[in-house]
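Written below as structure tokens is the structure these notes are about.
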Amino acid sequence: MDLICRATWDGTIKCPSVLTNSTKPTTNTVAILWFWQDQLILNAILAPIPDSISPLIATAKTSVESWLRLTWLYANRSRIRVKQLKESLTLLQRGDRSISNYMLAIHTTIDELAMIDTPLSNDDITLYALNGLNTDYKDIILSIRTRETSLTFEELHDILTAHETYIKRIEATQSQLMATTNNTQHSASHYHQRQPRNYQYRNMQWPWRYQDINQHRNNQFQRKPKCQFC
């Protein structure tokens, strides 16, 4: 039955003659059966059609005619849609998204391309994904581009996710070092602020003051007592 339906709407089985005999015209039951079967197929084609397209094929008399009109309409729309999807892949950037969310956006687009009979190769998917990464991934991008074998989508996802984890670990280490350095500097600055204002001045003046005191004592010892009777 499926073969009969397919042969009907693609034009393989033509409509039989309505009359079986030219001398004694009689109705051909095969033609009647073909007509009703073709009308059922036509209704099945028209049923899921959106209202925006339905007027364009509603005047079709046979299932073949309606199918040819649909093919022409959706073929043009498919080409436009393919261009739009490929352009979106070209302009897609990772930005602040995680690698998982970024690769999910790519996977959604390539799935839609596959649904309209335009699947992408693994190399094309890899190039689209690498073009949207920032400079933090320049080392892994160079490594992937120089590979001689293609990567599947799953393999590419795993490699980029592992590199993302490595970058986060490096950033965490650098943040910890910066926090330790800032704490050390803050402690030193706080220590100097707690000292008296004239602390350094007294330290600078102390050797000179000590020397003056010693000289004064020496002068006192060098003075000789004077006789009051002389």
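Data overview
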item	result
Residues satisfying the stated conditions in segment 151-165, i.e. surrounded by 13 or more Cβ atoms within 10 Å (Cβ to Cβ) and of a type in the set (Ser, Thr, Tyr)	161
Scan of segment 87-121 for residues that are in a loop (DSSP other than H, G, I, E, B) and under 24 Å from residue 162 (Cα atoms), ordered by number	92, 93, 94, 95, 96, 97, 98, 121
Pairs with Cβ under 6 Å, 6+ apart, first in segment 94-120 and closer than 18 Å to residue 135 by Cα, second at pLDDT below 90	none
Any hit, segment 47-67, residues being closer than 30 Å to residue 35 by Cα and either among the acidic types (Asp, Glu) or at pLDDT 90 or above (or both)	yes
Residues of segment 132-161 satisfying the condition of being farther than 12 Å from residue 99 by Cα, of a type in the set (A, V, I, L, M) and assigned to a helix (DSSP H, G or I)	140, 141, 142, 144
Test: residue 125 is assigned to a helix (DSSP H, G or I) and within 16 Å of residue 89 (Cα to Cα)	yes
Residue among 125, 57, 144, 116 that is hydrophobic (A, V, I, L, M, F, W, C), assigned by TED's automatic domain parsing to the domain that holds residue 39 and surrounded by 11 or more Cβ atoms within 10 Å (Cβ to Cβ)	57
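The values are calculated or read from the model by the stated rules, or taken from the named source; none is laboratory data. The structure displayed is predicted, hence computed values, not measured ones. Please note: Cβ atoms are built from the backbone with ideal geometry, for glycine as well, and neighbour counts cover all protein chains shown.
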